[in-house]
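K.L.:
Can you read through this structure? Questions will come right after.
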Amino acid sequence: MSHVLEQDVLVITVHDDPGIGGRVALLAEIGDLIEGLLPASVVIVLDEAATTEATVGVVLRAHRLCDRLGLVMSVATHSAPARRLLDEANAETGGIRLIVHARADIAIATATALITAA
């Protein structure tokens, strides 16, 4: 995992599948970044190797954290199956809607525009 803070948008890139055993550690790492930096918005980018059900589960838990903190969160992945899983899970949640994009640059630009508009 890597991260960068761009114009108050925290961009977290998950490079690999954490596997079943690594989900807790990945979620803790993401949660620590979000709570420590308290950005205006969060974008999680899933590299191809990270587009697994385990990673999607972590992303959904991170989204719940962002929702509790009042932060807009977006996800970007080229994987259509991962986007479909995220969209299906998102339909069942309340609160701030998770935004799912196919491209990271669009996700980051949208998050930046939302901050500017607020």
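K.L.:
With the contact rule set at Cα under 8 Å and sequence spacing of 6 or more, what percent relative contact order holds for the chain?
P.N.:
Normalised by residue count, the contact order of the chain is 26 percent.
K.L.:
Let me ask something additional. For the peptides 59-66, 108-115, 40-47, what is the packing order when you average, over each peptide's residues, the other Cβ atoms within 10 Å and list the highest mean first?
P.N.:
Order by mean packing, descending: 40-47, 59-66, 108-115.
K.L.:
Right, another one. Assuming a ≥ b ≥ c are the square roots of the Cα gyration tensor eigenvalues, decide whether the stretch 66-109 counts as rounded (a/c under 1.5), prolate (otherwise, with a/b larger than b/c) or oblate.
P.N.:
Oblate shape, in that a/c is at least 1.5 and b/c is the bigger or equal ratio.
K.L.:
Using a probe radius of 1.4 Å on heavy atoms only, what accessible surface per residue do you get for the stretch 1-112? Whole Å² is fine.
P.N.:
The answer is 48 Å² per residue.
K.L.:
Evaluate 2.2 N^0.38 Å with N set to the residue count of the chain, then give the Cα radius of gyration divided by it.
P.N.:
0.95
K.L.:
With θ set to phi - 60°, apply the Karplus curve 6.51 cos²θ - 1.76 cosθ + 1.60 along the stretch 27-40 and write out the HN-Hα couplings as whole Hz, x wherever there is a Gly or Pro.
P.N.:
Coupling constants for the stretch 27-40: 4, 4, 5, 5, x, 4, 5, 5, 5, x, 8, 6, x, 6 Hz.
K.L.:
By how many nm would the segment from residue 114 to residue 15 lengthen if fully extended, with 0.36 nm per residue of separation less the alpha-carbon distance?
P.N.:
Extra length available between residue 114 and residue 15 comes to 33.0 nm.
K.L.:
Here's a follow-up. Looking at the chain only, what percent of DSSP beta bridges run antiparallel? Nearest 5 please.
P.N.:
Roughly 25 percent of the DSSP beta bridges within the chain come out antiparallel.
K.L.:
Could I have the simple spin-label model distance between residue 89 and residue 1, label points 7 Å from Cα toward Cβ, reported in nm to one decimal?
P.N.:
1.4
K.L.:
Mean residue ellipticity at 222 nm from the helices of the chain, using -39,500 (n - 2.57) per DSSP H segment of n ≥ 4 over the full residue count, to the nearest 500 deg cm²/dmol?
P.N.:
That calculation yields -17000 deg cm²/dmol at 222 nm.
K.L.:
Further question on the same structure: Tell me, what % of the accessible area of the stretch 8-72 is carbon and sulfur with a 1.4 angstrom probe?
P.N.:
Looking at the stretch 8-72 in its full context, I get 52 percent from C and S.
The values are calculated or read from the model by the stated rules, or taken from the named source; none is laboratory data. Small disclaimer: the values here were computed from a predicted structure and weren't measured. Backbone-built Cβ (ideal geometry, glycine too); neighbour counts: all protein chains shown. All accessible areas refer to the heavy atoms of the entire protein, side chains included, with ligands and DNA or RNA removed. Shrake-Rupley method; radii C 1.70, N 1.55, O 1.52, S 1.80 Å.
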